[in-house]
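Novice: A single structure is presented below for examination.
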Amino acid sequence: MNFFFPQFKFKPLMLITVICMALFTQGCVSPNNSDNNTGSAALSQLVIAEPLAINFKSEIAIARLSEVINRVKVTDEQKAQLHYDRGVLYDSVGLRSLARLDFSHAIQLKPNLIDAYNFLGIHFTQLKEFSQAYEKFDSVLELEPTHEYAHLNRGIALYYGDRPELAAQDFSDFHHKQSDDPYRLLWLYLAEYEIDSTLAKQKLKQRAELVAEHTWAKQVIYLYLGEISQAQFISELTQNVQSNKALTDRLCEAYFYLGKYNQSTDNYGAAANFFKLSLSTNVYEFVEHRYARLELDLMRTKKVNL
């Protein structure tokens, strides 16, 4: 049970608010995108997430781990695990620099701590230190060749490092492990889209047949395939949502993928705002939240007009 968001019957009207159209004026209309007219109208009635509060249990756990690390005599292996555990907690509340320090300490004390390498690789990706990220993920796979999520995370690093062909290989390996997972399919599609957008959509349509209809993320696939409009996608975001936590999680994902969708149609102003909305949810542990800020940083680096 989430203490900040007690369970209750979800009431959509209480959570839907009107956003000023001025927020989305820039970049929402483009002659190259027929969906923009309806999309612009939908942007005026977005569902806005109440940002997740930090769980006080995480704060207490961090304090207790810190006390143990500083006061209790333990072996190097035990201390490495304590640093790793505290790093995971720091990461879960958005304290990335402190988390990175703990993961680094953990590896110094226990050089074969696989998950610490994996987390460091993720953090280096977020920092655009792609060479170091590749190195960390390679270390994971050397230590444990069957580590499933190292392929996802290395694929993401390669994708943002402008190496889509190699990224697609990693995403393909990750997708084959669970071919009915829509998120694995979406990341594979994003990489393949950079290589050949037409072929990527054909493959997306074929692979999507394995994704169950009741899975919410299949709506993202339909959006990318052009089978539903952006307006329809936004209007259905609250369907089958029963709590604030579930709503916030969904919006973190939805706004990230809407950002990527608008990028693909050159609507960079709208894309940037969707990434900002994804960040505003404070769902720090989600892949989509982790890389929404990187998307914004890369858009600024490329001098895209935000």
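Novice: Report the net charge of residues surrounding Ile54, where surrounding means a beta-carbon distance below 13 angstrom and charges are Lys +1, Arg +1, Asp -1, Glu -1.
Specialist: Result for the local shell: -2.
Novice: How do Leu113, Leu277 line up, fewest other C-beta atoms within 10 Å first? Before the final figure, lay out each step's value.
Specialist: Numbers: Leu113 20, Leu277 23.
Ranked by crowding around the Cβ, least crowded first: Leu113, Leu277.
Novice: Along segment 107-121, what does the Karplus equation 6.51 cos²θ - 1.76 cosθ + 1.60 (θ = phi - 60°) give for ³J(HN,Hα), rounded to whole Hz, x for Gly and Pro?
Specialist: 5, 4, 7, 9, x, 10, 7, 4, 5, 5, 4, 4, 5, 4, x
Novice: What FRET efficiency comes out for the pair Trp216/Lys73, r = Cβ-Cβ distance, R0 = 45 Å, nearest 0.05?
Specialist: 0.40
Novice: So how far apart, in nm, are the two label points at Ile60 and Asp196 if each is 7 Å from Cα heading toward Cβ?
Specialist: 5.7 nm
Novice: Another one. Calculate one ³J(HN,Hα) per residue across segment 195-206 by plugging θ = phi - 60° into the Karplus curve 6.51 cos²θ - 1.76 cosθ + 1.60, and present them in order as whole Hz with x for glycine and proline.
Specialist: 8, 7, 5, 5, 5, 4, 5, 4, 5, 4, 5, 5
Novice: Mind sorting Leu258, Leu95, Leu185, Leu279 by how few other Cβ atoms lie within 10 Å of their own Cβ, fewest first?
Specialist: Starting with the residue having the fewest Cβ neighbours, the order is Leu95, Leu279, Leu185, Leu258.
Novice: Mean separation of Cα pairs under 8 Å and 6+ residues apart, divided by the residue count of segment 55-162: what relative contact order is that in percent?
Specialist: Reported relative contact order: 18 percent.
Novice: Can you give the local net charge around Val88? Use residues other than it whose beta-carbon is closer than 11 angstrom to its beta-carbon, Lys and Arg +1, Asp and Glu -1.
Specialist: Around Val88, the charge tally is -4.
Novice: Related question: Are any of the pairs Lys110/Lys276; Lys128/Lys260; Lys128/Lys276; Lys245/Lys276 more than 26 Å apart by Cα-Cα distance, and if so, which?
Specialist: Correct reply: Lys110/Lys276.
No lab work stands behind these numbers, since they all come straight from the coordinates. Bear in mind the structure is a predicted one, so any value in this text is a computation, not a measurement. Cβ: placed from backbone, ideal geometry, glycine included. Neighbour counts: every protein chain shown.
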